[in-house]
Amino acid sequence: MAELILLANPTGIAVHTPNVSLSVKFDSIAELKSWLHLAGLNDPDMLIGEHQGTADDGRSYRSMNAYPTWHGWEFYATATEYPDAEPLDTDTADRLTALAVA
């Protein structure tokens with residue numbers, strides 16, 4: 001199963017229901033769609049939801065949820081993007097990384 005999950009670069013993997021399902025998070029909708037394709041999980045009958053809205057902090061977002069199954073396992077795959085967000089400059093990213101490690 002690890003090979004299936006790691007065909008892409010998920011930002012989070014967690015047990016959703018023990019021995020039944022996993023949650024898998026991605027940074028972008030493109031990464032989620034790529035994983036579904038590479039893993040052969042993009043069944044046309046798979047339940048998928050795409051949403052747009054405004055987060056509590058005022059940022060606009062786009063999200064996608066997909067619920068594929070594989071050998072009896074259920075996956076709760078999600079991705080959320082903030083299209084208007086400006087990328088962090090290197091100095092800010094380095095400071096945030098240092099705080100997270102400390």
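Things to note:
- Highest average first, the peptides 27-40, 60-73, 8-21 ordered by how many other beta carbon atoms sit within 10 Å of their residues are 27-40, 60-73, 8-21.
- Relative contact order (%) - criterion: Cα under 8 Å, at least six apart; region: the range 1-78: 30
- With each label modelled as a point 7 angstrom along the Cα→C-beta vector, the Met46-Ala30 pair spans 1.9 nm.
- A full extension of the chain between Thr69 and Tyr82 corresponds to an added length of 1.9 nm, given 0.36 nm per residue minus the alpha carbon distance.
We did not get these values from a lab; they are worked out from the coordinates using the rules stated. These figures come from a predicted structure and were not determined experimentally. Cβ atoms come from the backbone with ideal geometry, glycine included; neighbour counts cover every protein chain shown.
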